[in-house]
Every structure is written in C-alpha cells, then in structure tokens.
Amino acid sequence: MTFLFFLTVLIYNVRAQSDLEIYPNAYTAYKTQDSITIDGMAEEMAWNSVEWSSDFVDIQGVKTPKYHTNIKMIWDETYFYILAKIEEPHVWADIYQHDAIIFHNNDFEVFVDPDGDTHNYYELEINALNTVWDLFITKPYRELDSPVLNDWHISGLKSAVHIDGTLNDPSDTDKGWTLEMAIPWSVYKTSYYHKVLPRDAFWRVNFSRVNWDYELNNGVYSRKKDVKGDFLHEYNWVWSPQGVVNMHEPEKWGYVYFSSNEAGSETPFEIPKDEEIKWALYKMYRAQKAHFSKTNQWLTTIKSIQSTQIVLHGVTLNPSIENYSSGWTISIKSPFSNKLLSLKEDGKFKIK
C-alpha cells in the first residue's frame, strides 16, 4: 500500500466531529429458499416478501440527506444477499479499476464485523459502473498499527447494477440506481473448519453511501471544486448513524440478525442487554484515548475514567480495571448473562 493511498483513506475515514449519543439500528434478514439471480432487478418473490430499511441518515445523525437510500437483506446457505436502492438524479461514475479508491465516485459501501470485536473486519465499495474495492482491516484506523490488506478479495462475489435512467448523461434526469449483491459466507471464514454461517445470530454491519456535488466539463461529470480548486467535501449517508464522520468505529455499527424463519413469522430482533454493556465499555475506552492523546498516559482507576455509576435497566454495573505496562483491560461481569465482557487498550472486545 502506498503512503498516498493510506493518507487518503485515513483523511476520509477519520475526520470526526461531535461524538453524539446514538442507538444502532437493527434489521432481521430472513432465510430464503428461492434462487436469486444477481442482475440488479430484484424481481424474485424473496425480495418482495421483506421490508425496506428505514431511510439512510447523515453519518452524524443530525441532518436529513437530500436523496433517499434504502436496503434489504436476505440469506441462504451460500450467500449474504444485499439490495440497495439509491435515489440519484445524476448517475455518473468514471472509475473502472478494481481496488481503486472507489469513494472518489458516488458509491455504496458495506462494512461487516462477524464477531463484533471491532478488529479484523471487512469493507466493500461499489460504484454505478459496478467497479469493486474490497479490503480487510485488521484494526480501526484510530489504532496507529492498523494494517489494511488492500489485496484481499471477495472471491465469488456477485454484484450487478441497474440504472433507472442513463449513466454519465447530463442531458436528462435519472431516478437512481439499484445495486444487488451476493457475498459468499466463505470469505468470512478464518480457518478451514470455521462454521461461519450466522444462523439465528447477529453480526455487526453497516452501510454507507458517499455522494459528491458534481460539475460538468465539456459534458463530463466530475467532483465539484471550490474557488481555490479543492474538492468540496463529500456527503456521507448511512444506515445506522455513527455520531461522527468516521465509518471505522465498528462498535457503533448496526445489528443484522440472520433468522432461519420465513419473513414475517417472528417478532423483531431486539438488541441484547449485554450489547448495551459493550457500549458503556467503549465510552470508557474513548475517555481513555482522549486522556492518553493529551498526556501520553493512561488513567489507572475506574473512578478517574468513569465519574458516575453506570446503570442499565435499573441495575448498577461494576467495572474493574487491570493495568499493565503496555496498557489496560476494563471488564464488566454482566448481571444479565453472567458473562465477562472486557475491552483492551487497542479497542479489541472480548466476551467469555
């Protein structure tokens, strides 16, 4: 990976503003018995039987996007199917090279963290030309030693774009584009015997749409520049709000529950209470990070990190901290499941 590539990704993904209180979205993806043809048309009954998500929101959760974006999800024994409906009056794209920086076009992005530990997660970006950028991130960019494997590929990925209008034609107004994809479960396997299929379980997932203001030069679309010749900032619209302009905070992603039942046959998935404990742990993590960035030292007591009691569902939590030369571990024993939830200085979450 070149330095320029890393710097571009870092600037795009780490530009953060106010850290707002957010509540992740949840979606139940039902299992389908139908054969799904990936053509961008989504005419199968399996797609018609499931609901669209709520409208995407601004990444910080404070503004309403000017164009609608919605998703559907289903699955079978082989694939995780995703359908995105993207409203766009001017559908354009000019990046054809695989693994180029696709978010320099308007694009749609998928982020998946199967085990929810915020490390070793997957990113997929696709533009209206169906050009793909797929990469594997070992740690969020906030960690300084976070290698990005740009040569990782989603072997067996199927994707197709259907444009309701005309691509790269400024003479008319388009309705938008639909992206349909099938991601093989096998790409998420970490070992030969890993049973990766999330049957009746949830994964942490989020979706992002990058949209740019455009300008025309001799009838050709490009990203709009200001009077100084700098590109205007992109818009970032997401399924589950992040609270900051940074997709690479996986602890804030949404919850996708993969139900083995038929669509509409059960009550909606509810986020487990232990996940709320996890959110509390990450608040302490961010407090630790903020203090370290100012003093180059970690806080060593819970009271110095968290000045008030943590109460969830009427129950007071009792976090503890273990300090060592290279960092710390904060742990909370769940009063809801009796499991031990812990978080390290590098942001990696563990439950046992």
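Tabulated results
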quantity: Extended-chain gain in nm, criterion 0.36 nm per residue less alpha-carbon gap, Ile302 and Lys224; calculated: 23.3 nm
quantity: Residues whose placed amide H lies under 5 Å from that of Ser146, excluding near-sequence neighbours; calculated: none
quantity: Cβ-placed point charges (K, R +1; D, E -1), dipole of the stretch 215-262 about Cα centre in debye, nearest 20; calculated: 240
quantity: Whole-number percent relative contact order across the stretch 91-250, with pairs defined as alpha carbons under 8 Å at least 6 apart; calculated: 23
quantity: Modelled FRET efficiency - R0 22 Å, Leu167 with Asp55, Cβ distances, 0.05 increments; calculated: 0.35
quantity: Relative contact order (%) - the chain, alpha-carbon pairs under 8 angstrom, separation at least six; calculated: 20
quantity: Options Phe202, Ile277, Phe108, ranked by Cα towards positive dipole end of the chain, top entry (Cβ charges); calculated: Ile277
quantity: Cross-link pairs Lys252/Lys344; Lys85/Lys225; Lys85/Lys278 - those with Cα-Cα distance over 23 Å; calculated: Lys85/Lys225; Lys85/Lys278
quantity: Antiparallel %, DSSP beta bridges [both residues in the chain], to 5; calculated: 90
quantity: Relative pair counts by distance (%), Cα atoms of the chain, 20 Å bins; calculated: 28, 57, 15, 0
quantity: Amide proton proximity set for Phe80, modelled H, under 5 Å, gap of 5+; calculated: Ile183, Trp185
quantity: Selection of GluC sites (Glu not before Pro), the stretch 267-352, meeting DSSP coil and at most 12 other Cβ within 10 Å; calculated: Glu270
quantity: 20 Å reach of a label modelled at Ser191, 7 Å along Cα-to-Cβ, counting backbone N of the stretch 123-137; calculated: none
quantity: Descending principal axes extents, the stretch 97-230, alpha-carbon based, whole Å; calculated: 55, 35, 24
quantity: ³J(HN,Hα) computed for each position of the stretch 187-193 - Karplus, 6.51 cos²θ - 1.76 cosθ + 1.60, integer Hz, glycine/proline x; calculated: 6, 9, 6, 9, 7, 4, 9
quantity: Distance in nm between pseudo-label sites at Ser337 and Tyr324 (7 Å out along the Cβ direction from Cα); calculated: 2.4
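FYI, it's all coordinate maths here, none of it is from the lab. Keep in mind the model is a prediction, meaning the values are calculated, not measured. All Cβ positions, even for glycine, are placed from backbone atoms using ideal geometry, and neighbour counts span all protein chains on display.
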